[in-house]
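Read through the structure below, which is laid out as structure tokens, and then see the notes.
The values are calculated or read from the model by the stated rules, or taken from the named source; none is laboratory data. The model shown is predicted, which means the values in this text are computed figures rather than measured ones. For neighbour counting, all protein chains shown are included, and Cβ atoms are generated from backbone atoms with ideal geometry for every residue, glycine included. Heavy atoms of the whole protein, side chains included, go into the accessibility calculation; ligands, DNA and RNA do not. Shrake-Rupley method; radii C 1.70, N 1.55, O 1.52, S 1.80 Å.
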Amino acid sequence: MSRKVLGALVRSEARLALRDPGTTLFAVGLPVVLVVILGCVPSFREHSADLGGARVIDLYLPITIVMVVALLGLSLAPGALARYREKGVLKRLATTPASPASLLAAQGAVIAILAVLVAALLHVVGAAAFRVPAPEQPVGYVLALLLTIATLIALGLLIAAVAPSSGVANGIGVGLFYPLMFFAGLWVPREAMPRVLVDIGDATPLGAAVGALQDSMSGSWPGLVHVGVMVAYIVLCGLGAARWFRWM
């Protein structure tokens, strides 16, 4: 796969993604609006003893970043790849220098780029408007973010592999999004959950992702359990996608 071919595919997939109003609205606009709304609640800017002395807005920034990656990984990639299969795009690509495998790489690159850009935007908004601190362990934070992105890309490819149509792919993605985001702390911060729910959440991809990001935000390296869970999902989902993915 040449860099020129991959670069052209990445640019093409990025343009297609940004032309979709759903991508712009839900993956970019919604997270920013959510952080602003939460930050405008006075009590959410106060330190809470019930949350171990943390502020709600500080806890929700990594949760919102994981939500961005989940929206992209569970919705954008599976739906697009299943749609390409339905329309015969993957079959036609197999006869060109731009192989189907290069399209998968381009999809992953677009998701990664969008996720990093939105994460950076959320940190800028959080710091400027609500004094959300920067990660105290920046190297660990970057590692956790990259693992989060890779985990959701692998899960999205697995959905695309087993879904017979784009509609089913979107349905599976949405069906997974809500329960996974519950364990990530979107509705109730993990710090306020019963211990048993936290333990269950640590075994889910998004719960592990939020745990790793919050560890590095507070100055620690991402926990081995969180890293191990994400690596396991990357390997298992990647192998499953490679085993069952159909190009036509």
| region 33-94, relative contact order in percent, only Cα pairs under 8 angstrom and at least six apart counted | 21
| Average accessible surface area per residue within the chain, 1.4 Å rolling probe, Å² | 46
| What is the distance in Å between the Cα centres of region 38-53 and region 203-248? | 28
| Counted charge near Leu76, where neighbours are those whose Cβ lies closer than 14 Å (Asp, Glu -1; Lys, Arg +1) | +1
| note | Over all pairs of different Cα atoms in region 70-207, the reciprocal of the mean inverse distance gives a Kirkwood radius in Å of 16.6
| In order through region 171-187: 3J(HN,Hα) via Karplus (6.51 cos²θ - 1.76 cosθ + 1.60), integer Hz, x for Gly, Pro | x, 5, x, 5, x, 7, 4, 5, x, 5, 6, 4, 6, 7, x, 5, 8
| Using Cα pairs under 8 angstrom and six or more residues apart, how large is the relative contact order of the chain, in percent? | 26
| Taking springs between alpha-carbon atoms closer than 10 angstrom, which of Ala106, Ala120, Ala144 fluctuates most in the Gaussian network model of the chain? | Ala120
| So what's Rg/Rh here for the chain, counting alpha carbon atoms and using the Kirkwood radius for Rh? | 0.99
| query | What number, rounded to the nearest 500 deg cm²/dmol, is the helix-based mean residue ellipticity at 222 nm of the chain, given -39500 (n - 2.57) per DSSP H run of at least four residues and division by all its residues? | reply | -23500 deg cm²/dmol
| message | Can you compute 3J(HN,Hα) from phi for each residue in region 5-12, using the Karplus curve 6.51 cos²θ - 1.76 cosθ + 1.60 with θ = phi - 60°, rounded to whole Hz and x for Gly and Pro? | response | 5, 4, x, 5, 5, 4, 5, 5
| task | Pick out, in residue order, every one of the chymotrypsin sites (Phe, Trp or Tyr not before Pro) in region 150-224 that is DSSP loop and has at most 14 other C-beta atoms within 10 Å; say none if there are none. | result | Trp187
| request: Exposed loop GluC sites (Glu not before Pro) only (DSSP loop, at most 13 other Cβ atoms within 10 Å): please give the longest stretch of the chain free of them, not including the sites. | output: 137-248
| query | Relative contact order for region 201-244: what is it in percent, counting Cα pairs under 8 Å that are at least 6 residues apart? | reply | 36
| field | Cα centre as origin, Lys/Arg/Asp/Glu Cβ charges: the chain dipole, Debye | value | 1200
| request: Give the Cα extents of region 27-70 along the principal axes, in whole Å, largest first. | output: 32, 19, 9
| task | List, in order, the whole-Hz ³J(HN,Hα) value for each residue of region 150-163 obtained from phi through the Karplus relation with A = 6.51, B = -1.76, C = 1.60 and θ = phi - 60°; use x for Gly and Pro. | result | 5, 4, 6, 5, 4, 5, x, 5, 5, 4, 4, 6, 9, 6
